[in-house]
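Okay, so here's the structure we're looking at.
The values are calculated or read from the model by the stated rules, or taken from the named source; none is laboratory data. Every value quoted in this text rests on a predicted model; they were computed, and no experiment measured them. Cβ coordinates were reconstructed from backbone atoms using ideal geometry, including for glycine residues, and neighbour counts include every protein chain displayed. SASA here: full protein model, heavy atoms, side chains in, ligands and nucleic acids out. Shrake-Rupley method; radii C 1.70, N 1.55, O 1.52, S 1.80 Å.
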Amino acid sequence: MEPVGSPLTATYAHPRSTPTKFLPAISAMASSYKDRFPYYPLPQSSSLPWMPSTYYKPAAINPALAPFSKSSQGMTASRKLPFISNRTTFITRYTPEDWHRSNLTNCKESETSQRNAERLSVGTSRMIQDKYQQTEKTQGESTKNLAVRVNDTGFWKSELCRELGEMIGETSALTDMKKRLERALAETEAPLQVAQECLLQREKRMGIDLVHDDVEKQLFAEVDVIRSCQERMQRYLDKAKAQLASNRAAQHELERDLANKQAAHRIDDKCHCLRNTSHGISYYRGVERVDATISVPESWAKFTDGNILRSQSERAASAKLRDNTRNLLEVTANEMRCQFNRVNVAFTNRIAETADAKSKIQTQLAKTLREIFQVEMNIEGIQKAMRDQGPPFKVAQTRLDERTRRPNMELCRDTAQLR
């Protein structure tokens with residue numbers, strides 16, 4: 001039998017190093033190892049009949065466990081368990097009541113922890129179910145909103161397609177009307193040149209025929225009418241060009257808005273078709289903090305509606321311009337045709353007057369020529385008669401010359417001398 005305090009049993013006074021795999025590595029485990037009964041060294045008593053070897057078996061500290069009491073960690077060396085090698089008697093720490101009370105307290109705390117854990121588990125399950133239902137509801141509402149958005153985008157896309165088709169048709173019709181107006185404007189050059197050529201040719205009239213007659217008045221009026229029609233046509237042609245530019249601008253806005261609507265419709269439709277089991281879904285860090293929107297549903301709808309209203313306004317102006325251009329072509333054609341007819345009537349009347357005057361002049365000329373012929377014949381007769389009177393005249397002069405040779409008183413102014 002070894003004496004009390006021998007070095008053989010002194011090794012139980014210091015706990016061994018705690019195995020690394022004995023306790024879980026979580027801080028929450030420390031709360032379950034509360035020291036309900038802190039260590040207080042009992043007074044030594046020498047009246048115990050047991051030997052120290054019997055004390056070491058039930059009262060020895062498990063060397064594999066570290067001390068659980070945090071209060072004992074801050075105690076000084078004098079308050080801690082003294083070395084067994086220095087003890088000479090057995091020391092009792094707790095009573096059975098303390099032991100039972102500690103076990104009962106641990107059981108109650110365990111039951112309380114179990115109830116709390118059960119409540120926590122039930123609450124967690126309920127929270128998970130609520131969050132799942134909330135997520136499902138939110139996702140359903142988001143899917144519904146996306147469906148509404150897809151329908152709205154599809155509606156505006158169809159409206160834009162319809163308006164774009166009508167605008168393209170109107171632009172094509174206005175382009176055809178502009179080409180028709182350009183051809184009509186180019187075709188007015190020929191009548192204008194004809195009227196100017198007529199005026200130029202009539203300047204070659206001579207003498208009294210260079211008269212400011214009704215034909216010349218109508219020709220000047222025709223030139224003025226053609227130039228007036230050309231000015232109006234050119235003015236409407238400029239309007240048509242400006243309207244075409246406005247139509248193309250509105251068409252460009254419609255096409256751009258339609259392209260944006262198609263892209264947005266494709267993206268929203270893809271988003272609407274996404275499910276929790278779809279491929280291509282992933283996490284995007286910070287995407288919920290990115291707000292790249294520049295419009296709200298009201299301004300979004302107002303923007304597209306404004307583009308459609310602008311296009312409709314331009315289409316109405318274009319249709320009105322086409323009607324006015326068509327009326328202008330009819331009016332100018334009627335004006336030039338009427339003036340052309342008036343010029344032709346004036347020419348016809350003038351030609352008839354000139355022809356009548358020419359006929360009369362020709363008749364008078366024929367008569368005058370006949371009279372001239374008669375006068376010439378008379379002149380020739382007179383000349384012949386004069387030639388025929390030459391010999392008698394010579395005879396008379398010869399007689400007079402011979403009678404001047406009568407002598408003296410024989411130079412008598414007798415009847416023969418007078419004849």
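Structural remarks
- Values of log10 I(q)/I(0), in the order q = 0.29, 0.32 Å⁻¹, for region 109-149 under a Debye, Cα-only, solvent-free model: -0.85, -0.91
- Accessible surface of region 209-291, 1.4 Å probe, proportion on carbon and sulfur as whole %: 51
- Packing, taken as the mean count of other beta carbons within 10 Å per residue, orders the peptides 286-294, 146-154 from highest to lowest as 146-154, 286-294.
- Under the simplified labelling scheme, the His100-Thr135 pair shows an inter-label distance of 5.2 nm, with each label point 7 Å from Cα along Cα→Cβ.
- Distance violations [Cα-Cα > 29 Å] among Lys204/Lys360; Lys131/Lys261; Lys178/Lys204: Lys131/Lys261; Lys178/Lys204
- Calculated FRET efficiency for the pair Ile281/Ala249, C-beta based, R₀ 60 Å, to 0.05: 0.90
- Rg to Rh, two decimals, where region 208-332 supplies the alpha carbon set and Rh follows Kirkwood: 1.42
- In the structure shown, the pairs Lys241/Lys320; Lys137/Lys270; Lys157/Lys270 are assessed against 25 Å; each Cα-Cα span is contained within that value.
- Measuring how big region 179-242 is from its alpha-carbon positions, Rg and Dmax come out at 15.3, 53 Å.
- Annotation for Val296 and Thr404: the two label points, set 7 Å from Cα along the Cα-Cβ direction, are 14.6 nm apart.
- FRET efficiency, 1/(1 + (r/R0)^6) with R0 45 Å, evaluated for Gln201 and Lys239 via beta carbons: 0.75
- When both region 329-402 and region 403-419 are represented by their alpha-carbon centers, they are found 54 Å apart.
- Computed from the C-alpha gyration tensor, the three semi-axes of the ellipsoid equivalent to region 314-419 are 91, 13, 8 Å, from longest to shortest.
- Convex hull per residue volume in Å³, alpha carbons only, for region 259-359: 177
- Gain upon complete extension [Glu109, Cys273; 0.36 nm per residue less C-alpha separation]: 53.8 nm
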